[in-house]
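Asks: Input: one structure, supplied below.
The values are calculated or read from the model by the stated rules, or taken from the named source; none is laboratory data. It should be emphasised that the depicted structure is a prediction, and the values quoted were computed from it without experimental measurement. Every residue, glycine among them, receives a Cβ derived from its backbone with ideal geometry; neighbour counts consider all protein chains shown.
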Amino acid sequence: MFSLLKKLFSSPPIIPEKVWAMKAYKYQGLYQDILQAHKNGEKVLIFTQFEKTLEEVCFVLEQKKLNFYRFSKGEEVAILNFNQLAIFQANALQKNTVKDLQKLLHQAPVQLFIIEHHPLRTNDEELIATLREIAPQSQPVFYTSLEDAVLAQFATDNLKQLLHKLGMKPEESFQHKLISNAIIKAQEKLASEAKGNRLTYSAEEWFNVNL
């Protein structure tokens, strides 16, 4: 156990990671961060890996009465000039979309929120690299819960017990490289076991199709 913890603590996370015990609290935390960003005069761009998650986020924001734009592949990015909040699925970020976003967000104050991990680390890394092209002035942030599909694949109960011992309340977010490194280890294991990387509607479906 000690050697495992030592290994997990050995390297810092690639980008910041906000973790909640439950998905409902993750979305509540997202909502609060959007409000704070708008208060600060910042645009917010939200990114998902799967369509199901995009639909969940849209539903939450609709319930919160927030105005947002759901971007679809092939649409014009110029519409974002009139919106403070937009939501993208990662596979909609084509080359022309990236270039348009670069022009639109050049040195503009913007927050970049990634709402889930892909089961494969390479997909996360591709999205992060794209976001750094789009808005190098901003640091992307992952929003994660222990109920998310990737985390649910390994030792969720143990992680919940650990976070409880560390004093984490369900409604509070937690940031620690232990979680980020554990996710990376899980993604590496999944990469070694995956038969492919077929695009699916949800992360849960991805596991059924690709493992």
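Asks: Within region 24-66, how many residues are in a helix (DSSP H, G or I), touching a residue at least 12 places away in the same chain (Cβ under 8 Å) and over 16 Å from residue 147 (Cβ atoms)?
Replies: Residues flagged as in a helix (DSSP H, G or I), touching a residue at least 12 places away in the same chain (Cβ under 8 Å) and over 16 Å from residue 147 (Cβ atoms) within region 24-66 amount to 9.
Asks: While we're looking at this one, here's another question. Just checking, does region 187-194 include any residue being surrounded by 20 or more Cβ atoms within 10 Å (Cβ to Cβ) and in contact with a helix residue (DSSP H, G or I) (Cβ under 9 Å, 6 or more places away or on another chain)?
Replies: Scanning region 187-194, I find at least one residue that is surrounded by 20 or more Cβ atoms within 10 Å (Cβ to Cβ) and in contact with a helix residue (DSSP H, G or I) (Cβ under 9 Å, 6 or more places away or on another chain), so the answer is yes.
Asks: Tell me, yes or no, whether region 11-25 has at least one residue that is loosely packed, with under 12 Cβ neighbours inside 10 Å, at pLDDT below 80 and farther than 29 Å from residue 100 by Cβ.
Replies: Scanning region 11-25, I find at least one residue that is loosely packed, with under 12 Cβ neighbours inside 10 Å, at pLDDT below 80 and farther than 29 Å from residue 100 by Cβ, so the answer is yes.
Asks: Out of all the residues in region 127-142, is one or more of a type in the set (Gly, Ala, Ser) and touching a helix residue (DSSP H, G or I) at 6+ places or on another chain (Cβ under 9 Å)?
Replies: yes
Asks: Can you list residue pairs whose Cβ atoms sit under 7 Å apart, with the first residue in region 178-198 being over 25 Å from residue 166 (Cα atoms) and the second being in a helix (DSSP H, G or I) and of a type in the set (Val, Ile, Thr)? Count only pairs 6 or more apart in sequence or on different chains.
Replies: Pairs found: 198/209.
A quick yes/no check of all residues on (1) polar (S, T, N, Q); (2) in contact with a helix residue (DSSP H, G or I) (Cβ under 9 Å, 6 or more places away or on another chain):
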{"position": "26", "(1), (2)": "no, no"}
{"position": "36", "(1), (2)": "yes, no"}
{"position": "52", "(1), (2)": "no, yes"}
{"position": "72", "(1), (2)": "yes, yes"}
{"position": "88", "(1), (2)": "no, yes"}
{"position": "98", "(1), (2)": "no, yes"}
{"position": "108", "(1), (2)": "no, no"}
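Asks: Also, quick follow-up: Among residues belonging to region 75-91 that are buried (at least 17 other Cβ atoms within 10 Å of the Cβ) and among the aliphatic types (A, V, I, L, M), point out the one that is modelled with the highest pLDDT.
Replies: Looking at the filtered set, the residue picked out is 90.
Asks: Here's something else I'd like to know. Only one residue in 103, 39, 64, 6 is surrounded by fewer than 18 Cβ atoms within 10 Å (Cβ to Cβ), at pLDDT below 90, basic (Lys, Arg) and over 18 Å from residue 131 (Cα atoms). Which one?
Replies: 6
Asks: Out of the residues in region 143-179 that are acidic (Asp, Glu) and modelled with pLDDT of 75 or more, state the one that is farthest from residue 44 (Cα to Cα). Don't jump to the end; show me each part of the working.
Replies: First pass over region 143-179, keeping only residues acidic (Asp, Glu): 147-148, 157, 171-172.
Narrowing further to those that are modelled with pLDDT of 75 or more: 147-148, 171-172.
Numbers: 147: 24, 148: 22, 171: 22, 172: 21 Å.
Here the answer is 147.
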